[in-house]
Amino acid sequence: AYLDRLEPGGILSVMRWLQTPPSEEVRLVALAAAAARRVGADPGSSIVALRGYSTVLVMIKPDGFDAAELAAISGFGESRRFDLMAAPGLLPASANRFNVLPRDDYYSIAAALLRGDDPGYPAFDISPPTDDRPFFGDYFTWSQTRALLDSMGHAWRPFGGAGILVLVAMLVLAVVAAAVLVLLPLAVAGLRARRGVASGIRVWTVAYFGLLGFGFLFVEIPLVQSYILFVGEPTVALAVVLFGLLLASGAGSLLSPRLHWRGAATVLVGLAAATPWILGGATTAILGMTAAARIAVGVIVLVPLGLLMGVMFPRGIAHLERVAPEMIPWAWAVNGTVSVVTAVVAVLVALSGGFRLVLMLGAGCYALCIPLARPGRREFSPE
């Protein structure tokens, strides 16, 4: 988007800290190269990077740097003892002259990225971030896990992925706490009451309401992230998504007696799977609108999805009310427990595979609910 706003001959400059081993500065080069290719520019001729003692300056000129500009940049760097890290025609001997390193990984990684080659750098994930996976500061790869655990307490690794391990620990704690604090007490208290309930109903209750817990959060969390670009502010995005989904879900709950259960689930799966493309088109169309207009459009876009999501839970409760009302507290417990766990799982999946994958998992959870939705035009009376 920044490159699209440049005038002819314009240059975009971005500065980052120099890290050892390389991380954010080479990811910036990867991002610059990806952006240059997106606008049809050759990264090898349109990107120049200067390396100082503690910072890196990356410059992108989609039209390409001419000889006079390259000479001026080289002279500027030489007069201030900055090394060229990336430039058209840059040779290794010219890239490590002032701030001399035993091995200039900055140059070699940047050169590979500009050529479009795999830099063969296993230390960190330096792939360019995207709107779907916008974590510029996350450099963790799962292959680092053993080395990270071995170094804990002995080395400072600000970019080594300890945050991921914290999330994993949170997930374990959430699962254990949910089982002990919610499921176990309900199991003990309701054991006698459930002895008369068929095992199939118990399995159905856990499966259906567990999938709803996974599905709702797997859809909601990517929507919050997507709406940051949609409306411009994280707090506003959260408010818009929560307001829109809860309002529409409430309406869906009211309308649920009149809607076909399995049909609503089927449409919901298709709509959830199409949401990334719907939001992509809507975002492009509304970015020039006022904030109020973008918020209004954002709420409207959420209504069909929220309406259908709101049908699923009350239809399940109504089914239990007919066949096994004593299982309703258990259904609430399963759904609430899974929702807590899903909040952590969604972040882990987004970090590894992106928010679109999280949303597809949400659609998949609702798809698994389709065979569990009891057929029939109406399952209960709205009285």
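Assign one of three labels to the range 163-369, namely rounded, prolate or oblate, based on the Cα gyration tensor with a ≥ b ≥ c the square roots of its eigenvalues; rounded applies when a/c is under 1.5, prolate when it is not and a/b is larger than b/c, and oblate otherwise.
Judged from the Cα gyration tensor, the range 163-369 comes out oblate (a/c at least 1.5, b/c at or above a/b).
Enter the angle in degrees (range 0 to 90, nearest 10) between the Cα long axis of helix 24-38 and the first principal axis of the Cα atoms of the chain, meaning the one along which they spread out most.
80 degrees
Label points 7 Å out from Cα along the Cβ direction at Val180 and Leu348: separation in nm?
Rounded to a tenth, the inter-label distance reads 1.8 nm.
Where in the range 22-48 is the amide nitrogen less than 16 Å from a point lying 7 Å along the Cα-to-Cβ axis of Phe76?
Answer for the range 22-48: 46-48.
Extension gain Asp117-Asp105, at 0.36 nm per residue separation less the Cα-Cα distance, in nm? Walk me through the numbers on the way to the answer.
Details: separation 12, 0.36 × 12 = 4.32 nm, distance 1.47 nm.
Difference between extended and current length: 2.8 nm.
Of the chain, which part is the longest with no chymotrypsin sites (Phe, Trp or Tyr not before Pro) in a loop (DSSP not H, G, I, E, B) and with at most 16 other C-beta atoms within 10 angstrom?
Details: sites that count: Tyr2, Tyr53, Phe98, Phe135, Phe136, Trp156, Phe380.
Result, exposed sites excluded: 157-379.
In nm, to one decimal, how far is the Arg97 label point from the Thr284 one, both placed 7 Å along Cα→Cβ?
About 4.5 nm, to one decimal.
With everything on Cα atoms, drop me the angle between helix 355-369 and the longest principal axis of the chain, reported from 0 to 90° to the nearest 10.
Approximately 20 degrees, to the nearest 10.
Quote to one decimal, in nm, the extra length available between Ala68 and Ala291 on full extension: 0.36 nm per residue of separation minus the C-alpha distance between them.
Using 0.36 nm per residue and subtracting the Cα-Cα distance, I get 75.9 nm.
Pop out the Kirkwood hydrodynamic radius of the chain from its pairwise C-alpha distances, inverse of mean 1/r, in Å to one decimal.
Kirkwood radius, the chain: 24.2 Å.
About its Cα centre, how strong a charge dipole does the range 3-141 have in debye, to the nearest 20, once Lys and Arg get +1 and Asp and Glu get -1 at the Cβ?
Values: 13 positive and 18 negative charges, 62 e Å.
So the magnitude is around 300 debye.
Sorted from largest down, give the three principal axis spans of the alpha carbons of the range 17-155, whole angstrom values.
Ordered largest first, the range 17-155 gives principal extents of 50, 34, 21 Å.
Starting from the Cα of Ser127, step 7 Å along the direction of its Cβ; do the same at Asp4; then give the gap between the two resulting points in nm.
Placing both labels 7 Å along Cα→Cβ, they lie 2.3 nm apart.
Go ahead and set up a Gaussian network model of the chain, Cα springs under 10 Å, then flag whichever of Leu84, Leu229, Leu101 fluctuates most.
Leu101
Given Tyr121, Ala33, Trp17, which one lies farthest toward the positive end of the charge dipole of the range 3-141, if we put +1 on the Cβ of every Lys and Arg and -1 on the Cβ of every Asp and Glu?
So the residue we want is Trp17.
If I fit a long axis through the Cα atoms of helix 67-79 and take the longest principal axis of the Cα atoms of the chain, what angle between them do I get, 0 to 90°, rounded to 10?
Around 80 degrees separate the two axes.
Please label the shape of the range 1-90 as rounded, prolate or oblate, based on the square roots a ≥ b ≥ c of the eigenvalues of the alpha-carbon gyration tensor (a/c under 1.5 means rounded; beyond that, a/b larger than b/c means prolate, else oblate).
Working: a/c = 1.94, a/b = 1.21, b/c = 1.61.
Taking the square roots of the gyration eigenvalues as a ≥ b ≥ c, the range 1-90 is oblate.
How do Leu184, Leu348, Leu57 line up, fewest other C-beta atoms within 10 Å first?
Ranked by crowding around the Cβ, least crowded first: Leu184, Leu348, Leu57.
Determine the gain in length on full extension of the stretch Arg38-Ala147; use 0.36 nm per residue of separation and subtract their C-alpha separation, reporting nm with one decimal.
35.7 nm
Values quoted throughout were computed directly from the atomic coordinates according to the rules given, and no laboratory measurement underlies them. Just so it is clear, the structure is predicted and the values come from calculations on it, not from any experiment. For neighbour counting, all protein chains shown are included, and Cβ atoms are generated from backbone atoms with ideal geometry for every residue, glycine included.
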